[in-house]
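The values are calculated or read from the model by the stated rules, or taken from the named source; none is laboratory data. Just so we're clear, the structure is a prediction, and the values are computed from it rather than from any experiment. Neighbour counts run over all protein chains shown; Cβ positions are idealised from the backbone, glycine included.
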Amino acid sequence: MQMTGARMVVQALKDQGVDTVFGYPGGAVLPIYDEIFQQNDIRHVLVRHEQGAVHMAEGYARSTGKVGVALVTSGPGATNAVTGLTDALLDSIPIVVLSGQVPTFMIGTDGFQEADTVGITRPCTKHNWLVKDTAQLAGTIHKAFHVARSGRPGPVLIDIPKDVQFATAAYTPMESAATGHYAPKRTPDAEAVARMVEMMETAERPVFYTGGGVINSGREASRLLREFVEATGFPITSTLMGLGAYPASGKNWLGMLGMHGLYEANLAMHGCDLMINIGARFDDRITGRISDFSPGSRKVHVDIDPSSINKVIRVDVGIVGDVTETLTEALRQWKARGSKVNREGLAKWWAQINEWRAVKCLSYKPSTTTIKPQYALERLEALTKGMDRYITTEVGQHQMWAAQFLGFEEPHRWMTSGGLGTMGYGLPASIGVQIAHPESLVINVAGEASWLMNMQEMGTAMQFRAPVKQFILNNERLGMVRQWQELLHGERYSSSWSESLPDFVKLAEAFGCKGILCTDPKDLDEAIMEMIRYDGPVIFDCRVEKHENCFPMIPSGKPHNEMLLGDAETQGVIGSKGAVLV
Amino acid sequence: MNALNIKRGASSHSAYDLRDPNAPVIESHTLAVIVENEPGVLARVIGLFSGRGYNIDSLTVAETDHAGHRSRITVVTRGTPAVIEQIKNQLGRMVPVYEVHDLTVEGPAVQRELALLKVAGKGDARIEALRLAEIFRANVVDSTLESFVFEMTGTPEKIDAFADLMRPLGLKDIARTGVAALPRGV
């Protein structure tokens, strides 16, 4: 069927099952916006800044498991999308970004709002395309969705010159679109799985270490993981990205690991004799000092991306494959061989782990006069437990406290910027989640500094009636920066306090939503309930202790067994070598 | 707080016994990368090397299968064994990459490079240059009364050696194609 390029874009999105596009119009995408105007199948959410559009698409994708879509104009529209693209690349989130471009005959002339978008976004996408011929457009869009969701998911970008949008050509239906040779290996090598299963039968001190790959593999992966953990009785810890794959209420759950992970999780990683990494990538937030990382263990690594295996940590068994397929095969083999584990060893291992648990590493000094950030999150957790709840976060101390104090029972319920650590992610992401789940409770746990980075998106929340709850732990500081300056830079707090903060309640009123201020721990429960009950967006200004530090903490350049549990242990612990690390 | 007190490398199964990442074992590998001949594919490959801090000693690219839209990129790179493995994996996962071959480990391979060298001189130096060119089987493809342009094909080492000899004899300019390589046999 013959149609214009602009119509092809809308048709291809419909064929791909897209129901929502987050975007911002401009000169180079006007033909596409004209087509969007003339149909009702795809909803367009007008953002306030293109970075917000990409984070919303990410929030949509992470909470649904579907591909998120953003639409931006040429030049500044595309450059504003770069942070979101990089964020999605580092966290393996499938999104498709469509960008307008100056007409093909103007490319290279420094035209108005021209930028070399495919050049700029080449290192921050999984793949990108500049479409110069309308006949190729629909096929390219179908291929882009295939690339975004196949293998290790990630962001892709399609740059579409304006004349290509106006020109007419035959539409390529989804079924006949060539997806090319791109077909990453999903099925694991059965022999490698067999070696893992053999190790599992004899291990005395095993631990599952799981990551975002379990969630990206789909809900079946989480189900299989739970079955495997329950059947073997092995302890399990997870990265920030993998929270919810195994339920926080599960008896084998050790909590999150890593720089601000739990004592029992990190010591289990350090002391294990068999580490089974499923869909995580040995990030530097996880490993601490590489040369002392889990020195006594054999290591198995399951990852769909071959380049993740042996990148940072050399492993004894590398298994390239999809998590669902690998766990299916592993469970089959393990059961076929008699479902054996080393019961005696495991019992001793659990006794040791329970000793570590008894340290109660998340303890903090309570207060009756000021709200401790940990207390605020404990109350938020208690008051929203069991609700149909989604959590997003910004980046910093509040993010780590949220990961420590909130429990996730299901995958896709926790959206946070892990790899890139993008301040300003949480507010737009929460809107993307809410658009996908209009009836659910969506809370962005924020710090006031991060939140201000994309606060203009409250306009989007209001316009599209997304009743997102912005739970801001306001310490009037860039808390994590301040913590590092205290520990590493002689308590010289260079530019880490937030002066001239807005009055968040008045700000909420200015946007037309509800503002809540809470300063007293006695009022906190009622204030949180007021936030939950309010039918519309809320900005919750929770004034917390200004100098609270986030513990436990593995200082930079230290191994897992040199964790800090509290303020008393922090004097002079980070040497000059550690100070150069981030 | 050192709860388990496990010494580094205590287990023979420790991953760290396998290879010391700080050991100065730098290897040179020749990789053949078969890619889809689409716009920007070379920039993508080069960007991978620069973005991740890998070395490129030599790079050659040309379309080798017009009908199949395929190009062959031959790249000579250096690094520790772990880095070489990582480079191959990073190349292998790129969307337009069909195949990655490590010609250094996949068996014997033929490696050739073509070079053009301009040598200017008079008298004995000119005669010596011509004599050495014969020994190295370099052809004269341009000649004036005061200069030659030699064309030679060989391994990079052979071209290096010839260039070193030409330098005192009046080497003015050199153009090299970079390495093209194929496995021996079928």
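Considering each residue of segment A:423-436 in turn, none proves to be polar (S, T, N, Q), surrounded by fewer than 21 Cβ atoms within 10 Å (Cβ to Cβ) and over 12 Å from the mean Cα position of the chain (by Cα).
One residue alone among B:Arg78, B:Arg72 is part of a strand (DSSP E or B), outside the structural domain of B:Thr155 (by TED's automatic domain parsing) and surrounded by 20 or more Cβ atoms within 10 Å (Cβ to Cβ), and that residue is B:Arg72.
Each residue in segment A:186-230 was checked for being within 24 Å of the chain's Cα centre (by Cα) and in contact (Cβ under 8 Å) with a residue 40 or more places away in the chain, and 19 of them qualify. Look at B:Glu113 and say whether it is part of a helix (DSSP H, G or I) and over 30 Å from A:Arg314 (Cα atoms). When the stated conditions are applied, B:Glu113 does not pass them. When A:Lys385 is tested against the conditions (1) within 22 Å of A:Leu254 (Cα to Cα); (2) buried (at least 18 other Cβ atoms within 10 Å of the Cβ), the lone failure is (2). Among the residues of segment A:96-121, those that are in a helix (DSSP H, G or I) and under 12 Å from A:Ala78 (Cα atoms) comprise A:Thr117, A:Val118, A:Gly119, A:Ile120, A:Thr121. Could you tell me whether any residue of segment A:271-280 is without any contact (Cβ under 8 Å) to a residue 60 or more places away in the chain, assigned to a helix (DSSP H, G or I) and crowded, with 18+ Cβ neighbours inside 10 Å? No, segment A:271-280 contains no residue that is without any contact (Cβ under 8 Å) to a residue 60 or more places away in the chain, assigned to a helix (DSSP H, G or I) and crowded, with 18+ Cβ neighbours inside 10 Å.
Under 23 Å from B:Val95 (Cα atoms), acidic (Asp, Glu) and in contact with a strand residue (DSSP E or B) (Cβ under 8 Å, 6 or more places away or on another chain): does that describe A:Asp316? Against the criterion (under 23 Å from B:Val95 (Cα atoms), acidic (Asp, Glu) and in contact with a strand residue (DSSP E or B) (Cβ under 8 Å, 6 or more places away or on another chain)), A:Asp316 does not qualify.
Here A:Leu267 meets the list (1) surrounded by 24 or more Cβ atoms within 10 Å (Cβ to Cβ); (2) within 13 Å of chain B (Cβ to nearest Cβ); (3) outside any helix (DSSP H, G or I); (4) not basic (Lys, Arg) almost entirely, failing just condition (3).
Here is a yes/no grid of residues against (1) crowded, with 23+ Cβ neighbours inside 10 Å; (2) in contact (Cβ under 8 Å) with a residue 12 or more places away in the chain; (3) polar (S, T, N, Q):
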residue: A:Thr109; (1), (2), (3): no, no, yes
residue: A:Gln113; (1), (2), (3): no, yes, yes
residue: A:Cys124; (1), (2), (3): no, yes, no
residue: A:Asn128; (1), (2), (3): yes, yes, yes
residue: A:Asp133; (1), (2), (3): no, yes, no
residue: A:Ile141; (1), (2), (3): yes, yes, no
residue: A:Ala144; (1), (2), (3): yes, yes, no
residue: A:Val147; (1), (2), (3): yes, yes, no
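Do we have any residue at all in segment A:30-46 that's closer than 24 Å to A:Met423 by Cβ, touching a helix residue (DSSP H, G or I) at 6+ places or on another chain (Cβ under 8 Å) and surrounded by 18 or more Cβ atoms within 10 Å (Cβ to Cβ)? Within segment A:30-46 (the criterion being closer than 24 Å to A:Met423 by Cβ, touching a helix residue (DSSP H, G or I) at 6+ places or on another chain (Cβ under 8 Å) and surrounded by 18 or more Cβ atoms within 10 Å (Cβ to Cβ)), the answer is yes, since at least one residue qualifies. Residues being modelled with pLDDT of 95 or more and either more than 12 Å from every other protein chain (Cβ to nearest Cβ) or under 30 Å from A:Asp273 (Cβ atoms) (or both) are entirely absent from segment B:40-49. Selection of segment A:386-416 for residues being among the acidic types (Asp, Glu), closer than 20 Å to A:Ile431 by Cβ and touching a helix residue (DSSP H, G or I) at 6+ places or on another chain (Cβ under 9 Å) yields only A:Glu394. Residue count for segment A:283-326 satisfying the condition of being more than 7 Å from chain B (Cβ to nearest Cβ), crowded, with 22+ Cβ neighbours inside 10 Å and charged (D, E, K, R): 2. The requirement of being in contact with a His (Cβ under 7 Å, 6 or more places away or on another chain), on the phi < 0 side of the Ramachandran plot and in contact (Cβ under 8 Å) with a residue 12 or more places away in the chain is fulfilled somewhere in segment A:26-40, by at least one residue. Under the condition of being under 27 Å from A:Glu394 (Cβ atoms) and not in a helix (DSSP H, G or I), the residues counted in segment A:27-81 number 17. If only residues of segment A:170-195 that are within 11 Å of chain B (Cβ to nearest Cβ) and surrounded by 13 or more Cβ atoms within 10 Å (Cβ to Cβ) are counted, the one that is modelled with the lowest pLDDT is A:Gly180. In summary, A:Lys365 fulfils each of the numbered conditions (1) without any contact (Cβ under 8 Å) to a residue 40 or more places away in the chain; (2) on the phi > 0 side of the Ramachandran plot with the single exception of condition (2).
For segment A:58-75, the criterion of a residue being in contact (Cβ under 8 Å) with a residue 40 or more places away in the chain, more than 14 Å from every other protein chain (Cβ to nearest Cβ), under 27 Å from A:Trp414 (Cα atoms) and in contact with a Cys (Cβ under 7 Å, 6 or more places away or on another chain) is satisfied by no position.
One residue stands out in segment B:80-126 among those that are small (Gly, Ala, Ser) and touching a helix residue (DSSP H, G or I) at 6+ places or on another chain (Cβ under 7 Å): the one that is nearest to the other protein chains (Cβ to nearest Cβ), namely B:Gly92. Examine segment A:240-247 for a residue that is in a strand (DSSP E or B), buried (at least 24 other Cβ atoms within 10 Å of the Cβ) and of a type in the set (Gly, Ala, Ser), and state whether such a residue exists. Taking every residue of segment A:240-247 in turn, none turns out to be in a strand (DSSP E or B), buried (at least 24 other Cβ atoms within 10 Å of the Cβ) and of a type in the set (Gly, Ala, Ser).
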